[in-house]
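Just below is one structure, and these are the notes that go with it.
Bear in mind these aren't lab numbers, they're just calculated from the coordinates by the rules spelled out. Being a predicted model, the structure only gives us computed values, none of them experimental. We place every Cβ from the backbone using ideal geometry, glycine too, and count neighbours over all the protein chains shown.
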Amino acid sequence: MTQDELKKAAALAALDYVPDGAVIGVGTGSTVNHFIDGLAGIKSRIAGAVSSSEASSARMRAYGIPLVELTEVDSLPVYVDGADEIDGGFAMIKGGGGALTREKIVAAVSERFVCICDASKKVATLGRFPLPVEVIPMAVRHVARELAALGGTPKLREGFVTDNGNLILDVHGLAIDDPQAFESAINQIVGVVTNGLFARRGADVLLLAAPGGVQRHERG
Ligand SMILES: O=C[C@H](O)[C@H](O)[C@H](O)COP(=O)(O)O
């Protein structure tokens, strides 16, 4: 199976976690795109979706999936999203597509985070994938110096602006032994909007697609 076929298998397995009549949270990325394609087939079963990016909104709008603003709901029963890396404690690096801030907001109000991945995303230690950090533009050089002081090598994602009008620094050369502590440390840097560590609010369910099938793991 190709990596894309594995992503699709994980994504379609997540349809089992969509409650009837619910408004659900929907992430961003190539794996989630397969989920949205599957969701289109059961759209009459749900009340709507809160989107984490302009790209996912456009894809769902094209299918006629009703979009709901996060300001219209107090909580969501489930949030389905991919990851760039996930470790054994279900902490993740996300934001390879630059959608980390809205993803983290939607995840924060969701009762259950269902992470959909192909098996290449499972790692022992987070950090081989460069950690995305969304930054207010005027702070970019300050934040880069502070990230270097924390031990990483930040590189500006050239020609990229987030849905929120900000910049992304991708931090290379990390081996993150304590994801929750590192997530908090980066959040203390003035000018940082969000960092791509989802450790304080990690995944609850991991649907990991390997050539032998989709493994279903629950946290704890
Ligand atoms: O900003 C993008 C998101 O965090 C994605 O969930 C992540 O980058 C994984 O993307 P993909 O499913 O394309 O590998």
How far, in nm, would the chain grow between ARG128 and ALA148 when pulled straight, counting 0.36 nm per residue and subtracting the alpha carbon separation?
5.6 nm
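Report the FRET efficiency, 1/(1 + (r/R0)^6), for GLN215 and ALA47, where r is their Cβ-Cβ distance and R0 is 22 Å, rounded to 0.05. Provide the component values of the computation, followed by the final result.
On the way: r = 30 Å, r/R0 = 1.36.
Efficiency at R0 = 22 Å is approximately 0.15.
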Could you tell me the relative contact order of the range 1-86? Use alpha-carbon pairs under 8 Å, at least six residues apart, and round to a whole percent.
36 percent
For the chain, compute the number of Lys pairs whose alpha carbons are separated by less than 26 Å, excluding pairs fewer than 8 positions apart on the same chain.
20
Counting Lys and Arg as +1 and Asp and Glu as -1 over every other residue whose Cβ sits under 11 Å from the Cβ of ASN166, the net charge comes to -1
Theoretical gain in end-to-end length, GLN180 to ALA22 [0.36 nm per residue, Cα-Cα removed]:
53.8 nm
Helix-only CD estimate at 222 nm, as mean residue ellipticity for the chain, using -39500 (n - 2.57) per DSSP H run (n ≥ 4)
-8000 deg cm²/dmol
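Give me the extension gain from THR71 to ARG200: residue separation times 0.36 nm, minus the current Cα-Cα distance, reported in nm with one decimal. All intermediate terms of the calculation are to be shown ahead of the outcome.
On the way: separation 129, 0.36 × 129 = 46.44 nm, distance 2.26 nm.
Between THR71 and ARG200, full extension yields an extra 44.2 nm.
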Say R0 is 22 Å: what FRET efficiency, to the nearest 0.05, do SER30 and LYS155 get from their beta-carbon distance?
0.50
Which whole-number percentage describes the relative contact order of the chain, with Cα contacts under 8 Å and a sequence gap of 6 or more?
22 percent
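Rounded, prolate or oblate, given the Cα gyration tensor of the range 1-60, with a/c below 1.5 counting as rounded?
On the way: a/c = 2.31, a/b = 1.35, b/c = 1.71.
Oblate, because a/c is 1.5 or more while a/b does not exceed b/c.
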